[in-house]
Amino acid sequence: DLSIRARAAGFDVGYVGNVTVSHHNFPRSGDEGLNRRERWVYGFARLHHKHFKASVAALFSLRYLMSHLVSGVRTFGVQIVPVLVKAAWLGRRDGLRAHKLIPEGVERFYLDQSLKPDMGNVPIWKKVLRRL
């Protein structure tokens with residue numbers, strides 16, 4: 001959200017690929033891992049629908065949701081599907097309530113497929129082909 005708002009206000013945002021940030025983090029399982037994943041899906045759906053036009057927000061959010069559904073089902077089983085779909089729907093709703101459309105040039109920046117790290121702008125099929 002911060003980088004999107006900063007670009008919309010006219011600031012440049014950079015990505016330094018050779019910098020490593022170490023988080024003192026650990027894998028979470030059970031309810032803690034499920035709740036964390038649910039919050040991430042909600043937060044990104046809200047972010048997308050808050051700033052981007054409907055078609056772009058839907059594309060970014062759907063891709064994000066699908067990636068969490070695939071990995072979430074592997075980790076937690078199929079019971080995670082309605083939880084994450086509901087989180088995405090609520091994030092969409094809350095994002096639309098706070099909607100502040102960004103300038104077209106800023107949206108074009110986030111749609112750039114060479115943007116690293118990507119926000120959902122790189123089609124899944126291209127990412128899969130890169131790994132093959």
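What to note about this one:
- Entirely in region 1-103, the helices (runs of 4 or more DSSP H) that have 1 or more residues that are more than 26 Å from Ser114 (Cα to Cα) and open to solvent by 60 Å² or more (accessible area, probe 1.4 Å): 30-51, 54-76, 80-97
- Selection from region 35-46 of residues that are in contact (Cβ under 8 Å) with a residue 24 or more places away in the chain and charged (D, E, K, R): Arg37, Glu38, Arg39, Arg46
Residues are listed down the side, and each one gets a yes or a no for (1) touching a Ser or Thr at 6+ places or on another chain (Cβ under 7 Å); (2) without any contact (Cβ under 8 Å) to a residue 60 or more places away in the chain:
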| position | (1), (2) |
| --- | --- |
| Glu32 | no, yes |
| His48 | yes, no |
| Phe52 | no, yes |
| Leu59 | no, no |
| Ser71 | no, yes |
| Thr75 | no, yes |
| Gln79 | no, yes |
| Trp89 | no, yes |
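The values are calculated or read from the model by the stated rules, or taken from the named source; none is laboratory data. The shown structure was predicted, so the numbers you read here are calculated from the model rather than taken from an experiment. Cβ: placed from backbone, ideal geometry, glycine included. Neighbour counts: every protein chain shown. Just the protein is used for accessible areas: all its heavy atoms, side chains included, with ligands, DNA and RNA removed. Shrake-Rupley method; radii C 1.70, N 1.55, O 1.52, S 1.80 Å.
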